[in-house]
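A.B. asks: Starting off with a structure, shown below.
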Amino acid sequence: MIARRILLAAAGMAALAAASTTAVQAADDWRKDIPVFRIGILGGENEADRLKNYACFKEHMQSRLGVPVELYPASDYAGVMQGLISGNLEYASLGSSGYAGISIQAPDAVEPLVTTEQVDGSLGYYSVMYVRADSPYKTLDDLKGKTLAFADPNSTSGYLVPSYELKTSGYDPKAFFSKTGFGGGHEQAVVAVLNGQYDAGVTWTSGVGEKAAGYSRGNLRKMVDKGALNMDDIRIIWQSNLITNGPVVVRKAVPQTLKDQVRGILVSLPIEDRDCAEAVAGGKLNGFAPIGHDFYKPIIEMRRELLAARRG
């Protein structure tokens with residue numbers, strides 16, 4: 001049902017986007033105020049791969065918006081978050097925790113437009129904990145006193161959700177593991193575990209599809225696709241509850257006409273150029289579904305709780 005709604009919405013929004021692109025620009029066209037559309041790209045894998053994945057999207061957006069598009073790959077999640085808050089970026093695809101962080105720090109900074117619908121029709125994904133397949137660790141209990149690599153302090157699946165869920169189930173990371181640290185991103189954390197720098201790590205995955213392929217979407221899928229990971233080399237020993245897929249956001253201050261146009265471009269992208277949609281989404285997907293702020297309230301409250309616990 002969700003996929004059908006996406007397709008129906010895409011048809012109308014594609015027409016709107018095309019009309020907006022070919023229409024004569026009015027005197028009050030948003031392009032006068034936003035002559036360049038700036039896209040922030042989260043850290044998590046090497047910069048060259050991120051720019052390669054977004055190259056097709058840059059060209060697609062330029063042709064639809066009628067203005068130059070610039071890509072800004074940040075070294076970490078915080079760089080993109082601050083770029084949006086400061087007004088130096090117009091657009092980014094965020095994780096739920098990153099969006100929650102912005103919402104808490106600067107409630108009027110950004111607005112969610114769409115989120116990703118997985119191939120099974122869900123609007124969520126999972127955090128998983130992995131170890132080397134040749135390690136002796138088979139269960140979470142086996143990791144008591146061992147080391148854990150988080151991905152990034154602003155990552156939903158790579159920090160917020162595993163920290164919260166492990167603690168609430170009696171495995172407080174601070175007490176349970178001998179050491180925790182940040183790998184510098186999802187891909188970097190996997191490499192650190194494979195290299196023996198940590199005993200375990202956490203990352204994100206759709207949890208559906210073929211295991212050997214790294215599942216349908218997520219960090220594991222991206223690493224398998226580019227030959228950086230063989231799934232036989234890791235073992236997953238823990239999985240979170242379903243996490244809300246992160247939003248694509250724009251600055252709230254941009255004109256509504258531009259917001260509507262960008263939403264239309266995204267919803268129609270899997271129909272017009274599926275390969276490009278999968279490149280920016282990190283794997284297979286049904287499409288992009290319109291979404292609002294309320295969808296992320298549980299994650300926002302989770303982040304508030306962790307912030308309060310730190311201060312306390």
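A.B. asks: For N46, work out the one condition from (1) without any contact (Cβ under 8 Å) to a residue 60 or more places away in the chain; (2) surrounded by fewer than 18 Cβ atoms within 10 Å (Cβ to Cβ) it doesn't fulfil.
C.D. replies: Just one mismatch for N46, condition (1).
A.B. asks: Of the residues in segment 253-273, how many are closer than 14 Å to W30 by Cα and of a type in the set (D, E, K, R)? So that I can check it myself, show each step before the final result.
C.D. replies: Start the filter on segment 253-273 by keeping residues that are closer than 14 Å to W30 by Cα, which leaves 253-262.
Retained after the next criterion (residues that are of a type in the set (D, E, K, R)): 259-260.
Going through segment 253-273 one residue at a time, the tally reaches 2.
A.B. asks: Check segment 165-177 and report whether any residue there is among the hydroxyl-bearing types (S, T, Y) and in contact with a Ser or Thr (Cβ under 9 Å, 6 or more places away or on another chain).
C.D. replies: Filtering segment 165-177 down to residues among the hydroxyl-bearing types (S, T, Y) leaves 168-169, 171.
This time we only want the ones that are in contact with a Ser or Thr (Cβ under 9 Å, 6 or more places away or on another chain), so: none.
Looking for residues that are among the hydroxyl-bearing types (S, T, Y) and in contact with a Ser or Thr (Cβ under 9 Å, 6 or more places away or on another chain), one finds none in segment 165-177, hence no.
A.B. asks: Still on this structure: Working only within segment 175-199, note down all residues that are more than 27 Å from L123 (Cα to Cα) and either in contact (Cβ under 8 Å) with a residue 40 or more places away in the chain or among the hydroxyl-bearing types (S, T, Y) (or both).
C.D. replies: Answer for segment 175-199, where residues must be more than 27 Å from L123 (Cα to Cα) and either in contact (Cβ under 8 Å) with a residue 40 or more places away in the chain or among the hydroxyl-bearing types (S, T, Y) (or both): S178, T180, A192, V193, L194, G196, Q197, Y198, D199.
A.B. asks: Among the residues of segment 148-172, write down those that are in a loop (DSSP other than H, G, I, E, B), of a type in the set (S, T, Y) and surrounded by fewer than 16 Cβ atoms within 10 Å (Cβ to Cβ).
C.D. replies: Within segment 148-172, just S169 meets the criteria.
A.B. asks: Can you say whether V202 is β-branched (V, I, T) and closer than 16 Å to A133 by Cβ, as far as the supplied structure shows?
C.D. replies: Numbers: β-branched (V, I, T): yes; closer than 16 Å to A133 by Cβ: no.
Answer is no for this residue.
A.B. asks: Going residue by residue through segment 137-147, is there one that turns out to be assigned to a strand (DSSP E or B), of a type outside the set (G, A, S) and surrounded by 17 or more Cβ atoms within 10 Å (Cβ to Cβ)? Steps first, please.
C.D. replies: Filtering segment 137-147 down to residues assigned to a strand (DSSP E or B) leaves 147.
Cutting the leftovers down to of a type outside the set (G, A, S) gives us 147.
Subsequent filtering for residues that are surrounded by 17 or more Cβ atoms within 10 Å (Cβ to Cβ) retains 147.
There is at least one residue in segment 137-147 that is assigned to a strand (DSSP E or B), of a type outside the set (G, A, S) and surrounded by 17 or more Cβ atoms within 10 Å (Cβ to Cβ).
A.B. asks: Tell me yes or no: at least one residue of segment 84-102 is in a helix (DSSP H, G or I), of a type in the set (S, T, Y), more than 16 Å from D199 (Cα to Cα) and not assigned by TED's automatic domain parsing to the domain that holds A281.
C.D. replies: no
A.B. asks: Which numbered condition trips up A175, out of (1) at positive phi; (2) assigned to a helix (DSSP H, G or I)?
C.D. replies: Failed condition: (1).
The values are calculated or read from the model by the stated rules, or taken from the named source; none is laboratory data. What you are looking at is a predicted structure, and each value in this text was computed from that prediction instead of being measured. Neighbour counts run over all protein chains shown; Cβ positions are idealised from the backbone, glycine included.
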